[in-house]
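What follows is a single structure, written as structure tokens, with notes after it.
The values are calculated or read from the model by the stated rules, or taken from the named source; none is laboratory data. None of the values given here were measured: they were computed from a predicted structure. Here the Cβ positions follow ideal geometry from the backbone for every residue, glycine too, while neighbour counts run over all protein chains shown. With ligands, DNA and RNA removed, areas are computed over all heavy atoms of the protein, side chains included. Shrake-Rupley method; radii C 1.70, N 1.55, O 1.52, S 1.80 Å.
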Amino acid sequence: TMRKRKTTDSPHSSTDLGKGKEKLRLKQEVGLISGVSLIAGTMIGSGIFMSPEWVLHHMGSPASSLLIWAACGLLAMFGALSYAELGTIIKESGGEYIYILRIFGSFPAFLFAYTSVILVRPAGLAAVCLSFAEYTVAPFYPGCSSPQVVIKCTAAACILLLTIINCLNVRLATSVMNIFTAAKLLALLVIVVGGLVLLANGQTQSFQNAFQNTTAGIGAVGVAFYQGLWSYDGWNNLNYVTEELKKPEVTLPRAVMIAIPLVTCLYLLVNMSYLAAMTPSELLSSGAVAVTWGDKVLGSWAWLISLSVALSAFGSSNGTFFSGGRVCYVAAREGHMPDILSMAHVRCLTPSPALLFTSAMSLIMIISGSFTSIVNFFSFIAWLFYGVTISGLLYLKIKKPELPRSYKVPIIIPIIVLMAAVYLVLAPIIDQPQIEILYIVLFIFSGIILYFPLVRFKCHPRFLQKVTLHLQLFLEVAPTTGDAN
């Protein structure tokens with residue numbers, strides 16, 4: 001028999017199961033290798049195979065585009081190191097959500113959870129799965145564009161497969177991450193080695209007068225950063241699963257210090273390989289730069305590149321799904337989402353209701369096809385909340401230096417990240433204001449309508465309790481408790 005969870009004002013209340021007082025928790029299955037795979041595997045998606053031409057388009061010259069890629073990697077590294085300190089102070093899953101909640105309080109944390117769970121994470125997952133679908137079905141439609149129905153059905157199948165994998169077992173999900181991370185690293189190494197061979201054979205035309213035609217406009221640089229940072233997105237994913245890390249105070253900083261420099265070096269070498277195989281004008285006219293590279297360098301083996309992009313996108317979507325479901329789960333555990341989403345499967349010990357909800361929202365976005373404009377402003381929303389989170393770290397470093405922390409980042413690093421976040425949020429508004437940004441801001445603050453009746457004053461319809469009970473029995477889930485410090 002399962003007892004009803006005792007609700008208290010403390011966010012760290014325990015869970016009663018049966019006649020005893022056994023606490024149901026998520027398993028700590030993520031070690032250093034899986035942590036590196038989660039970060040690198042999520043970062044290396046379809047971006048590095050698609051974004052280089054857009055970075056070059058906005059910057060105007062090969063050398064300046066390479067500088068943007070290096071700067072994006074450095075910014076991701078600084079952000080991840082700052083988050084690593086937050087993760088050793090607040091050892092709870094949930095990433096930005098839990099940090100904003102513990103530092104700034106319930107209301108801003110709810111706005112983040114509302115935006116992330118309903119919009120940002122499902123949209124990002126849907127976008128990556130659509131990229132996977134496009135490269136998967138492309139070989140079956142040579143010489144013409146693939147039907148949208150086939151692409152959407154394949155993307156939906158991808159999401160359903162990811163749901164099954166992540167609901168069954170955490171170890172299975174991390175094993176998939178490890179395998180696909182190894183596969184995509186191998187694919188990138190093929191491109192890197194091919195580029196080095198081309199450079200050794202004297203194909204360096206793209207690097208002569210490499211700064212010629214460089215664009216210096218603030219707006220163009222900001223948009224180029226957006227394109228580059230989309231390829232680096234995922235640098236903060238390990239903070240979403242802190243409670244599932246083995247020795248988080250050690251694993252979190254180490255995984256960051258291994259994964260992000262590795263990805264940055266690979267990205268720079270891959271871009272150099274693209275430029276060795278193609279002139280800047282050829283690269284700009286390419287619809288898919290990696291496929292064009294494969295046609296020029298690999299010849300009859302060019303199909304390997306399409307396969308690699310598909311594998312890369314699948315691995316990235318698995319990492320996004322794995323971490324994104326945890327935001328929904330933790331927000332529900334803190335009372336900001338329905339209780340059913342805070343529960344875990346009694347045997348598999350995975351947050352299956354939260355994963356199913358994330359899956360359902362992603363499927364809706366794939367079917368509707370109206371998420372494209374929202375995804376284009378993904379970086380705007382992301383860096384808005386990154387800035388809020390980093391300002392919280394600065395507050396703790398200045399006002400509460402006595403808090404125990406096993407890792408400390410120099411204060412200049414979060415200051416640089418905060419300045420970059422402010423620039424990335426304001427640059428598109430000042431340079432090229434667009435009505436879509438206003439829509440995004442209105443959506444974020446529309447959470448006020450739900451916060452006060454449902455969270456602050458706890459006006460819950462009684463029928464929701466019966467629905468929760470029936471779902472709990474049907475899904476075989478039980479409330480959990482967090483490893484909070």
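Only one of these is among the hydrophobic types (A, V, I, L, M, F, W, C) and under 18 Å from Ala354 (Cβ atoms): Ala80, Ala84, Ala109, Ala76. Name it.
None of the others qualify; the one that does is Ala109.
Listed by first and then second residue, the pairs linking a residue in the range 421-439 that is within 28 Å of Met77 (Cβ to Cβ) and of a type outside the set (Asp, Glu) to a residue that is open to solvent by 70 Å² or more (accessible area, probe 1.4 Å) and not in a helix (DSSP H, G or I), with Cβ atoms under 8 Å apart and 6 or more places separating them unless they lie on different chains, are Pro428/Gln434.
Which helices (runs of 4 or more DSSP H) does the range 435-485 wholly contain that include 1 or more residues that are surrounded by 11 or more Cβ atoms within 10 Å (Cβ to Cβ) and of a type in the set (Ser, Thr, Tyr)?
Output list reads 435-445, 463-475.
Residues in the range 269-306 that are surrounded by fewer than 16 Cβ atoms within 10 Å (Cβ to Cβ) and within 24 Å of the chain's Cα centre (by Cα): there are none. Applying the criterion of at least 3 residues that are modelled with pLDDT of 85 or more to the helices (runs of 4 or more DSSP H) found wholly in the range 314-420 leaves 352-368, 378-399. Within the range 123-164, the set of residues being open to solvent by 20 Å² or more (accessible area, probe 1.4 Å), among the small types (Gly, Ala, Ser) and under 17 Å from Leu355 (Cβ atoms) comprises Ala156, Ala157. Close contacts from the range 205-230, counting a first residue that is under 18 Å from Ser51 (Cα atoms) and a second that is at pLDDT below 80 and surrounded by 14 or more Cβ atoms within 10 Å (Cβ to Cβ), with Cβ to Cβ under 6 Å and a gap of 6+ residues or different chains, come to Gly219/Asp431; Gly222/Ala427; Tyr226/Ser379; Gln227/Ser51; Leu229/Ser379; Trp230/Gly47.
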